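Below is one structure, written out as structure tokens; the observations come after it.
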Amino acid sequence: MISIIVAKARNNAIGRGNQMLWHISGDLKYFKQVTYGHPVVMGYNTWLSLGERPLPGRENIVVSGRHTATAGCGAEFCGTLEEALAKAQASGLGAEEVFVIGGGQLYSQAMPLADRLYITEVEAVIDDAEVFFPQIDPAVWKEMTRSELRHDDRSGYDYSFVTYVRR
């Protein structure tokens, strides 16, 4: 199964300046809980935004035709999303569900291949964002679960966790 996980604003904004738009503790905990023990596939800019350090407890696979990472950095590099997904699915432990974790270009490439979406819907509109998540077409995706609305005191944002499956 190929899954996508993302936190997005109401206008689908997800990033600016190669950084996330918010720091919501509950969302970060949710991300770790859902992806832990599974391979994660990311674009090179996402890898850079993580400080070029692998996410612990997950096989980290980076899609990049050109990269400057060194051997032993804790991630594997593939030239295409298809190569990365094949590597992730062949990796063994946890490979029954592979997560695409960003960024914007990779999300757009992965949407037609994905079986499930884990979306943190942040109740905000970010007008100056630079990176956006693709539209979720209700003819293609069916909402399966939605959490209660939560509030993050530190950031001030309200958010909920929504899971979609392909129809």
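The values are calculated or read from the model by the stated rules, or taken from the named source; none is laboratory data. Everything quoted here is computed from the prediction, not taken from an experiment. Glycine gets a Cβ as well: all are built from the backbone with ideal geometry, and neighbour counts include every protein chain shown.
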Could you list, in sequence order, all residues of the stretch 112-127 that are among the aliphatic types (A, V, I, L, M) and either outside any loop (DSSP other than H, G, I, E, B) or farther than 25 Å from Gly26 by Cα (or both)? Leu113, Leu117, Ile119, Val122
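Any idea which of Val125, Val131, Val140 is out of contact with any Leu (no Cβ under 6 Å at 6 or more places or on another chain), more than 23 Å from Asp158 (Cβ to Cβ) and modelled with pLDDT of 95 or more? Break it down stepwise before answering.
On the way: Val125 fails: more than 23 Å from Asp158 (Cβ to Cβ); Val131 fails: more than 23 Å from Asp158 (Cβ to Cβ).
Residue meeting the stated conditions: Val140.
For the stretch 134-165, which residues satisfy the criterion of being part of a strand (DSSP E or B) and among the hydroxyl-bearing types (Ser, Thr, Tyr)? Give the steps one after another, and end with the answer.
Our first condition is that a residue be part of a strand (DSSP E or B); within the stretch 134-165, this holds for 141-146, 150-151, 158-165.
If the condition is that a residue be part of a strand (DSSP E or B) and among the hydroxyl-bearing types (Ser, Thr, Tyr), then Thr145, Tyr159, Ser160, Thr163, Tyr164 are the ones that fit.
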For the stretch 78-124, which residues satisfy the criterion of being under 30 Å from Glu148 (Cα atoms) and small (Gly, Ala, Ser)? Gly94, Ala95, Gly102, Gly103, Gly104, Ser108, Ala110, Ala114, Ala124
Criterion first (surrounded by fewer than 19 Cβ atoms within 10 Å (Cβ to Cβ) and under 18 Å from Ser155 (Cα atoms)) does Leu50 satisfy it? no
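Taking the condition of being at positive phi and small (Gly, Ala, Ser), how many residues in the stretch 15-71 meet it?
Let us first name the residues in the stretch 15-71 that are at positive phi, namely 17-18, 37, 51-52, 57.
Okay, now just the ones that are also small (Gly, Ala, Ser), so 17, 37, 51, 57.
Residues flagged as at positive phi and small (Gly, Ala, Ser) within the stretch 15-71 amount to 4.
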Quickly run through the stretch 89-113 and pick out the residues that are modelled with pLDDT under 95, out of contact with any Gly (no Cβ under 7 Å at 6 or more places or on another chain) and either surrounded by 15 or more Cβ atoms within 10 Å (Cβ to Cβ) or closer than 18 Å to Val131 by Cβ (or both). Gln89, Ser91, Ala95
